[in-house]
Every structure is written in C-alpha cells, then in structure tokens.
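Here the structure is laid out as structure tokens; the discussion comes afterwards.
The values are calculated or read from the model by the stated rules, or taken from the named source; none is laboratory data. Bear in mind the structure is a predicted one, so any value in this text is a computation, not a measurement. Heads up, the Cβs are rebuilt from the backbone with ideal geometry, glycines too, and the neighbour counts pull from every protein chain shown. Protein only, heavy atoms only, side chains kept; ligands, DNA and RNA dropped before computing areas. Shrake-Rupley method; radii C 1.70, N 1.55, O 1.52, S 1.80 Å.
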Amino acid sequence: MQLGGPTWRVPLGRRDSTTASRALANMNLPPPTADLSTLISLFRRQGLSPAEMTALSGAHTIGLAQCLNFNGGIYNDANIDPSFAALRRQTCPSSGNRNLAPIDVQTPGAFDAAYYRNLLAKRGLFHSDQALFNGGSEDALVRQYSASPALFRSDFAKAMIKMGNIHPLTGSAGEIRKNCHVVNS
C-alpha cells in the first residue's frame, strides 16, 4: 500500500519453508531473457494462465535490476527503443555488472500501470518484459492494462491470491513463523 498498490486478504497461519533452494527457484522462476512461449510455459506449470502471468509481471513496475540481468537486451535486442537502450548503456557496460537501474523508468517508486505504458513504448527493461508486447498473444492485455490502471490492479490482486495458493505447505512441513522475515529459533 505504501507504493500505491492494491490490497488483498492474506490467510493467517500459513506454513513457510525453513530452507530455501536457489536451484528450485531458478527452475521455477522465468529468466530475464525468456521469450513469450517460455514465460507462458513456466507460468502454466504453476497453474497460472497467460493473462495471470501478464498481470503478475506488472510487479515490475517497482524495483531495481542489476545490469547483468538485462545488458544483453540493451545491446542486442531489436524490439527496444533506441533512446531507452542508450540511456541504460550509460551505466551498464556490454559485459554486464552489478550496477542498478529502475525496472520502470517512468515511476520506479510507484505501483502503477506505467510498466505497461513502458512496454507499449518498447521500454521493457528485461527481454522477458518486452516479450509481453511484441506482436504476440498478450499485446491486447498489455494495451488494456496501460489504459486501465483499475483493471490492472484488480487482476493483479486476483492473480496474487491464486499464486499464494500454489502448493501450500501442510501438516508438519515448514513452520508458522512468529516473524515472517526469519525462521523461528
């Protein structure tokens, strides 16, 4: 809410894992270089539709990214605004580095529909973002979200609820956290 995003009810008493797995995360999270068919496949594997994927991708309206995660696009992609690519090249060498850039160049500190307007202008920072608006199946929805922030916010909240219900831990697996940021001691 601090950044202006939607709200939704989160069930209490959910069990969290006591460990993390980078390998498992990398297997299930789309890489920033993914094309549309890869994105759709990865989200479908989790039971999420292409429309839900497009709504959830709007989370990229906030946050920062390291150059090494998008430098290939600003140097090699054809579906990128040349002035936007030039702006990002000023702080990101072609070899990549850990310098940071806002994912949403227009309003990096606000949860809004500017992310989708960026895609319309070919200013998606990640290749996987711009893949949502590149002559494919999600173009129409990207246009809708760019024109209707209320629709985006509503669809985003519904998709977050659905995503939060994917494979919840039950029984004795994991733990109910006393502080959601750390494993219980």
Take the conditions over 17 Å from the mean Cα position of the chain (by Cα), among the hydroxyl-bearing types (Ser, Thr, Tyr), open to solvent by less than 60 Å² (accessible area, probe 1.4 Å) and more than 18 Å from residue 33 (Cα to Cα) and apply them to residue 148. Does it pass? yes
Candidates 29, 42, 56, filtered to the one that is over 12 Å from the mean Cα position of the chain (by Cα) and of a type in the set (A, V, I, L, M): 42
Could you list all residues from segment 155-168 that are open to solvent by less than 50 Å² (accessible area, probe 1.4 Å), in a helix (DSSP H, G or I) and either among the small types (Gly, Ala, Ser) or over 17 Å from residue 60 (Cα atoms) (or both)? 157, 159, 164
Close pairs from segment 93-120: first under 14 Å from residue 59 (Cβ atoms) and touching a residue at least 60 places away in the same chain (Cβ under 8 Å), partner part of a loop (DSSP other than H, G, I, E, B) and not acidic (Asp, Glu), Cβ under 6 Å, at least 6 apart: 110/3; 110/4; 111/3; 111/4; 111/5; 111/62
Scan segment 21-36 and give yes if some residue there is surrounded by 14 or more Cβ atoms within 10 Å (Cβ to Cβ), assigned to a helix (DSSP H, G or I) and touching a residue at least 12 places away in the same chain (Cβ under 8 Å), otherwise no. yes
Which of the residues belonging to segment 85-115 are touching a helix residue (DSSP H, G or I) at 6+ places or on another chain (Cβ under 9 Å), surrounded by fewer than 18 Cβ atoms within 10 Å (Cβ to Cβ) and of a type outside the set (A, V, I, L, M)? 89, 91, 93, 94, 95, 96, 97, 98, 99, 106, 108
With respect to the numbered conditions (1) open to solvent by 50 Å² or more (accessible area, probe 1.4 Å); (2) assigned to a loop (DSSP other than H, G, I, E, B); (3) not polar (S, T, N, Q), which one is the sole condition not fulfilled by residue 6? (1)
Does segment 37-77 hold any residues that are open to solvent by 70 Å² or more (accessible area, probe 1.4 Å), part of a helix (DSSP H, G or I) and touching a residue at least 12 places away in the same chain (Cβ under 8 Å), and which are they? 45, 68, 75
Could you go through segment 118-139 and let me know if any residue there is open to solvent by 40 Å² or more (accessible area, probe 1.4 Å), in contact with a helix residue (DSSP H, G or I) (Cβ under 8 Å, 6 or more places away or on another chain) and within 30 Å of residue 11 (Cα to Cα). no
Filter segment 169-178 down to residues that are of a type in the set (A, V, I, L, M) and out of contact with any Gly (no Cβ under 7 Å at 6 or more places or on another chain) and give me whichever is surrounded by the fewest Cβ atoms within 10 Å (Cβ to Cβ). 173
Those residues of segment 65-82 which are out of contact with any Cys (no Cβ under 8 Å at 6 or more places or on another chain) and within 19 Å of residue 116 (Cβ to Cβ), in sequence order: 65, 73, 77, 79, 80, 81
Report yes if residue 132 is assigned to a loop (DSSP other than H, G, I, E, B), in contact with a Ser or Thr (Cβ under 7 Å, 6 or more places away or on another chain) and within 17 Å of residue 51 (Cβ to Cβ), otherwise no. yes
